[in-house]
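So the structure is just underneath, and the comments pick up after that.
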Amino acid sequence: MNKSLPPGIDYTGKIRGIHADNVSFLYDLTYEKDGTRIHEQHIFDRVFSCIQGARGYILIDMFLFNSYQGKAGSSFRGLSQELAGQLVAAKERNPAIRIDVITDPINILYGGAASPEIERLKAHGINVIITDLKPLRDSNPIYSCLWRTFVRWFGNSPGGWLLHPFSAAGQGVSLRTYLDMFNFKANHRKIFMADSGDSYVSIIMSANAHDASSSHSNVALEVRGGISGDLYDVERGVASFSHGQLSQINMVKTPDEDKEVLVQAITEEAIFKTIINELGSTSPGDNIGIAMFYLSERKVIKALTDAADRGVSIRIILDPNKDAFGYKKTGIPNRSVARELINETKGKIRVRWYNTKGEQFHSKLIFIEHAGESTVILGSANLTRRNLRNYNLELDVVLKGNGNNSVFTDVSRYFNRIWDNQDGSYTTDYYAYQDDSLLKAIIYNIQERLGLSSF
């Protein structure tokens, strides 16, 4: 639980200055308008465009990269096949291009199943690295100590008599697959990087290349130059402790261009420290907007209630935690946390739910407006113990600058659009999913503190 981390984990990158027009805000939204279901898709469309423009190098670290449908049985878009097809096409256009793909072992069911997407990449000479999670700390230590002692030595292999955990039509798996899965740890990062002219473009996102997630609402930042060298360095560390190696690239780190916008890459607990510091630095009259899939980390909750007591305006949009790939969820942890935030601050913190219809509100965004300056924190990390306290691998980007710069006005416009239901039906009032269950609050607190959950 407190063992030494592999080198390069819990990373705080250098603060780098870039031109304001070298960063863009991207999003995916699923919503209803006039009774019609609408999917706005920008993130992976941009990723695919960048792949098509790359000539020398592509790097991807992607948590979910598979076509599993869960119980739902169908998806809006085949993102995993699209991504695999785009990468293969890039290799066929230019066999000399170097492509590195890092992903989580969940996509091969921890050795319990082959992945057609991953096998296709390998067959075309693309370097695929499956993250070795064993060097990471155990977020579920009560269970993991038993697994490490008695189970891990047996390894895993494809096939088995148990139902596939993520696909109703999938091949059976062994008990060892489930026993590995219950460690509740992951390489949860979601980043893309590719050469673009004489520089590199990076996309840091909350979205997965996962068919059953294709309808989810997500956010991303595209950064041209700036942090590309930092991302390469932190991903090289993951490749190293996972018994792999990234392609050798002459990655010249982009010098600071100016101070219009400051950008910084952060990972793991560095994300937590940054968030606590940013929330703690707010003053009366400042505004905090949060759009989040999971919110449960106790010190983050305390920082939010303290900020509200100082007179900071706080609006939070949460997923109601009711849907997961065709399966129904209990509302834990968000509904218990929302109740606590509202009750503790006597309604000073305002909460709305994204009105999901089977998909998830999967965004991970914090937006802070000070007088004359705005801050955006965005990436893979939910506001949970497992995501923020050096258990999962996570990667976020911090953006700071004058609030009048277009990227910040775009973020503000996005948040206000879904908060106010502008030109569509996005969010619903807190009371639509209010849950005063004491039992659920107890369960959430136990799960959060002991790691006995997947959030």
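Please treat every number below as a calculation from the coordinates, not as lab data. The shown structure was predicted, so the numbers you read here are calculated from the model rather than taken from an experiment. Note: ideal-geometry Cβ built from the backbone for every residue, glycine included; neighbour counts use all protein chains shown.
Annotation: amide H-H contacts under 5 Å for R55 (H modelled 1.01 Å from N, sequence separation of 5 or more, or interchain): D195.
In the chain, the calculated helix contribution to ellipticity at 222 nm averages -8500 deg cm²/dmol per residue, counting -39,500 (n - 2.57) for every DSSP H run with n ≥ 4.
Given region 261-450, what percent of its DSSP beta bridges are antiparallel, to the nearest 5? Counting only bridges with both partners in region 261-450, antiparallel ones make up about 70 percent.
Summarising the amide proton neighbourhood of F325: residues at separation of 5 or more, or on other chains, whose placed amide H is nearer than 5 Å comprise an empty set.
A full extension of the chain between D410 and D309 corresponds to an added length of 33.5 nm, given 0.36 nm per residue minus the alpha carbon distance. Region 380-445 and region 317-342 have Cα centres separated by 12 Å.
The distance between label points at I15 and N277 comes to 0.8 nm (points 7 Å beyond Cα on the Cα→Cβ vector). The antiparallel fraction among DSSP beta bridges confined to the chain stands at about 70%. State log₁₀ I(q)/I(0) for the chain at q = 0.07 Å⁻¹ as given by the Debye formula over alpha-carbon point scatterers of equal weight, solvent excluded. Scattering profile of the chain, log10 relative to I(0): -0.33. Distance between the 7 Å Cα→Cβ label points at D420 and K302: 3.6 nm. Return the FRET efficiency for the residue pair K259, F154: r is the Cβ-Cβ distance, R0 is 35 Å, and the value is rounded to the nearest 0.05. E between K259 and F154, to the nearest 0.05, is 0.05. Only aspartates and glutamates eight or more places from K33 in sequence, or on another chain, were considered; those with a Cα closer than 20 Å are D319, E359, D420, D423, D429. The slack between Y431 and L175, meaning 0.36 nm per residue of separation minus the straight C-alpha distance, is 88.0 nm. Sorting the segments 278-284, 197-203 by their mean number of nearby beta carbons within 10 angstrom, highest to lowest, gives 197-203, 278-284. Taking the centroid of alpha carbons for each part, region 98-175 and region 206-236 are 22 Å apart.
In region 261-450, Rg over Rh equals 0.94, where Rg is the alpha-carbon radius of gyration and Rh the Kirkwood radius from pairwise Cα distances. The H on the amide N of S167, modeled in the peptide plane, is under 5 Å from the matching H of G70, each at least 5 residues off or on a different chain.
For region 21-241, the extents of the C-alpha atoms along the principal axes are 53, 48, 33 Å, listed from largest to smallest. Magnitude of the charge dipole for region 21-241, about its Cα centre and with charges confined to Cβ atoms of Lys, Arg (+1) and Asp, Glu (-1), is about 640 debye.
Computed from backbone phi, the HN-Hα couplings of region 399-409 come to 10, 9, x, 4, x, 7, 5, 4, 5, 6, 5 Hz, rounded to whole numbers (Karplus: 6.51 cos²θ - 1.76 cosθ + 1.60, θ = phi - 60°; Gly and Pro given as x). Legend: distances between Cα atoms for K91/K190; K14/K322; K302/K329; K3/K346; K185/K348; K14/K364; pairs beyond 32 Å are K14/K322; K3/K346; K185/K348.
For N94, the shell of other residues with beta-carbons less than 12 Å away shows a net charge of +2, using +1 for Lys and Arg and -1 for Asp and Glu.
Other residues within the sphere of radius under 15 Å centred on the Cβ of H362, judged by their own Cβ, net out at -1 (K and R +1, D and E -1).
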